[in-house]
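A.B. asks: Below is a structure I'd like to ask you about.
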Amino acid sequence: MSDHRHVAVSDHTTEPALPGRRASRRAGRNGVAPEEISPLYQETPRKGGGGRSKGGGKTGKLGIGAWVSIALTGVMVVGTLTGYKFYRDIEGNISREDVEGKLGADRPPETGALNVLVVGSDSRDGAGNKKYGQHLQGTGERTDTIILLHISPNRDKATLISFPRDSMVQAPECQNPKTKALIPAGLRQINATFNDGGIACTWKTIEALTDIHINHFVKVDFSGFKGIIDALGGIEICLPKDVMDKKAKLNLTKGKHTVKGETALAYVRARYTLGDGSDISRIKRQQVFLTQVMKKATSSDLLTSLPKLTAFLEAATSSVTMDNNLTTGRLLEIAQSAASLNAKGLKSVTVPWKPYAPDPGRVEWAQPKADQLFAAIRSDIEVQPTATPKPSASPGQTTAPAKPAIKPAQVRVQVLNGTNTSGRAQEVADALAAQGFTVVEVGDARLPSGADQPRTRILYARNAQEGADYAAPVTAKLLNKTKVKPEGGKIRPGSSKPYVPTAATTAPTATPTASAPTAPVDGQGPVIQLVIGADWEGVAAPIKIPDSIKDDVVDANTNPCL
């Protein structure tokens with residue numbers, strides 16, 4: 001399996017190691033001691049892990065910006081928009097930033113998924129933002145909300161991963177975009193990376209900590225939020241009790257309300273009168289709010305009404321910044337490929353956390369739960385239907401008959417360990433069997449000298465006419481950075497034996513779809529050889545939220561009265 005390891009956080013250490021295998025490699029040791037952190041990041045402590053005090057400091061600010069940008073991204077992704085001119089008309093509203101050249105070469109591989117870093121800036125600069133903290137103008141900006149929007153390779157499911165803003169992490173070296181000064185790698189509060197090195201630094205930090213490749217970013221500040229919600233016709237919320245919050249300017253009775261403008265802004269900013277007063281509690285409430293936004297955007301006539309859609313996009317794009325590569329053409333491409341994505345396919349989860357031992361007012365990521373979540377996102381490489389062969393129509397036919405889609409259960413696999421890593425064939429066979437493949441044998445295939453096979457190979461018999469088609473689902477499951485291409489011509493293993501699943505391995509039952517003809521089940525095709533080489537990276541699996549954090553997942557069925 002892929003060896004994605006991060007530094008574990010112990011429950012018993014005074015200064016715990018912080019997450020981030022890639023960040024640790026750049027930063028060296030575990031950063032600096034708490035007293036060495038720059039005073040810029042010494043916010044007023046908040047008790048109870050994640051900020052559960054009723055105290056002040058800078059904890060009252062809230063990132064509604066990220067929720068706006070996700071709403072924008074979601075609508076543009078799910079929208080069936082009918083013309084490039086429409087996109088071109090709104091292009092002038094969007095601010096752009098060139099980030100690609102600042103990320104360096106040491107980045108995680110792409111997987112076919114779409115990962116968008118969504119950040120909400122806490123800047124109070126500008127006429128639209130100063131009313132939410134005029135005394136903070138000119139003090140820079142940090143990301144008060146950080147979310148990774150993960151859209152599956154098949155573009156039919158989305159997962160939002162929220163990163164608590166006061167997470168203490170190991171950040172890589174960054175360069176301040178204004179002063180050009182180098183910011184050394186080390187221990188930082190995650191939302192400070194934006195002030196240190198701009199969006200590029202936050203982008204690099206998230207990639208280093210998670211090993212997930214990020215494709216684009218969207219940044220939003222406070223300005224424009226009210227117009228966006230108004231363009232949607234308001235969002236329905238549900239309150240568990242009467243709320244009178246003078247600080248957030250929220251005064252509503254218990255029950256359901258459709259909120260717009262200042263009231264909607266007050267709801268997402270409210271903290272001390274709802275939940276337990278922590279950032280973590282507020283994150284979950286905001287995730288529910290976003291789900292309601294997606295419901296409204298995908299169930300109303302917004303997407304089919306050009307005036308309403310124009311009003312929404314004009315309001316949204318006037319307050320966002322995107323990377324140069326997230327062009328209107330790219331947005332149109334995403335929209336067309338993800339037309340089936342809706343609120344039912346949206347799940348939200350917060351990175352597992354616990355109080356940061358040296359300062360319980362901050363948090364650190366709880367291991368191994370956090371790494372299990374990141375591994376699930378990294379390995380979301382879904383098997384696409386196999387390619388249709390060249391038409392060979394029968395006499396009297398104008399087109400060839402539809403080719404059956406080959407399911408994993410229909411693929412027989414022989415897994416051969418071409419390396420000196422003991423037990424790898426069994427490990428890989430179990431991983432494939434758990435995803436429904438029919439594994440028939442495991443064995444050894446090292447070079448005659450005893451050395452490792454230099455590269456991973458997928459082989460089928462030369463006379464197997466459909467060998468490449470049956471090999472394709474196996475190929476799609478490999479995490480190797482250099483794509484493995486099926487080859488004709490099998491090898492003789494050094495030894496082999498029938499595959500016996502490990503006790504914990506359970507294979508799902510293949511369920512043929514009614515919309516297309518299906519090939520015979522239970523491995524009736526040619527036997528495919530998977531030869532594991534020295535370049536082995538692992539087997540991908542469809543995204544599955546770890547059982548240990550399922551209770552924290554927010555989806556369309558979550559009770560909105562939080």
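A.B. asks: Could you give the nm distance between label points at Cys561 and Glu487, where each point is 7 Å from its Cα heading toward the beta carbon?
C.D. replies: Between Cys561 and Glu487, the label points sit 6.4 nm apart.
A.B. asks: What is the packing order of peptides 420-433, 548-561, taking the mean over residues of other C-beta atoms within 10 Å and listing the highest first?
C.D. replies: Ranked by mean Cβ neighbours within 10 Å, highest first: 420-433, 548-561.
A.B. asks: Using each residue's phi in the stretch 468-484, evaluate 6.51 cos²θ - 1.76 cosθ + 1.60 at θ = phi - 60° and report the 3J(HN,Hα) Karplus result to the nearest Hz, with x for Gly and Pro.
C.D. replies: 5, 5, 6, 6, 4, x, 5, 4, 5, 8, 8, 8, 4, 4, 8, 4, 8
A.B. asks: Please list, in order, the residues from the stretch 168-199 whose amide nitrogen is less than 17 Å from a point placed 7 Å along the Cα→Cβ vector of Arg107.
C.D. replies: Answer for the stretch 168-199: 172-175, 198-199.
A.B. asks: Could you work out how much longer the chain between Cys238 and Ser495 gets when fully extended? Use 0.36 nm per residue separation minus the Cα distance between them, nm to one decimal.
C.D. replies: Extra length available between Cys238 and Ser495 comes to 86.2 nm.
A.B. asks: Distance cut-off 23 Å, Cα to Cα: go down the list Lys157/Lys477; Lys226/Lys308; Lys481/Lys550; Lys241/Lys284 and report the pairs above it.
C.D. replies: Too far apart for the 23 Å limit: Lys481/Lys550.
A.B. asks: Sort 226-234, 104-112, 467-475, 353-361 for me by packing, meaning the mean count of neighbouring Cβ atoms within 10 Å per residue, highest on top.
C.D. replies: 467-475, 226-234, 353-361, 104-112
A.B. asks: Once you put a point 7 Å from the Cα of Val440 and another 7 Å from the Cα of Thr253, both along the Cβ direction, what distance in nm separates them?
C.D. replies: Each label point lies 7 Å from its Cα, and together they span 7.1 nm.
A.B. asks: So what J values fall out for the stretch 425-437 if you push phi through Karplus, 6.51 cos²θ - 1.76 cosθ + 1.60 with θ = phi - 60°, rounded to Hz, Gly and Pro as x?
C.D. replies: Result, ordered by residue: 4, 5, 4, 5, 4, 4, 5, 6, 5, 5, 9, x, 6 Hz.
A.B. asks: Give, in nm to one decimal, the length gained when the segment between Ser449 and Asp551 is fully stretched (0.36 nm per residue of separation minus the Cα-Cα distance).
C.D. replies: On the way: separation 102, 0.36 × 102 = 36.72 nm, distance 5.16 nm.
Full-extension gain reported as 31.6 nm.
A.B. asks: In square nanometres, what is one fourth of the surface area of the convex hull spanned by the alpha carbons of the stretch 238-282?
C.D. replies: Directional mean of the projected Cα hull area for the stretch 238-282 stands at 2.8 nm².
A.B. asks: Ok, one more. Pop the C-beta distance of Gln372 and Asp276 into the FRET formula with R0 = 25 Å and round what comes out to the nearest 0.05.
C.D. replies: 0.50
A.B. asks: Here's something else I'd like to know. Run the quick spin-label model on Asn93 and Lys246: label points 7 Å from Cα toward the beta carbon, then report their separation in nm to one decimal.
C.D. replies: 3.8 nm
Read-outs: derived from the displayed coordinates by stated rules, not from any lab. Model, not experiment: these values are computed from the prediction. Cβ: placed from backbone, ideal geometry, glycine included. Neighbour counts: every protein chain shown.
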